[in-house]
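Read the figures in this text as sums done on the coordinates, not as results from a lab. Predicted, not measured: the structure shown is a model, and the values here were computed from it. Here the Cβ is made from the backbone with ideal geometry for all residues, glycine too, and neighbour counts use every protein chain on show.
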């Protein structure tokens, strides 16, 4: 296998991954959790063991300085949030592929430099 062609292919792949990363839209590393609230009245149906509770709501939790912070999101924002989470997963995939390709590019350049330095010089 020709090292220069392999290196060029790797560099083209890096460029393609960078284009993919820059074309991503807004993303979020959190997941929405559906929750049911309880009203606090002891004779309400929501107070019974195993009862679902009242109307559902969605929340996002993330860690800030080691402490969980939860935000309630409106129901009409859940789909948008899920799309942002899908974008985040695409981002993570692309960054992983970029790191792997960068490592291969580094190895290919190192190998090419090693082979170039081990070639005998032509004297004329």
With everything on Cα atoms, drop me the angle between helix 3-22 and the longest principal axis of the chain, reported from 0 to 90° to the nearest 10.
-> 30
Degrees between helix 78-118 axis and first principal axis of the chain (Cα, 0 to 90, nearest 10) = 20
Computed FRET efficiency, Cβ-Cβ of residue 61 and residue 103, R0 30 Å: what is it to the nearest 0.05?
-> 0.35
Rg and Dmax of region 3-117, using alpha carbons, in Å: what are they?
-> 23.9, 84
Report, in whole Å, the centroid distance computed from the Cα atoms of region 30-66 and region 5-25.
-> 44
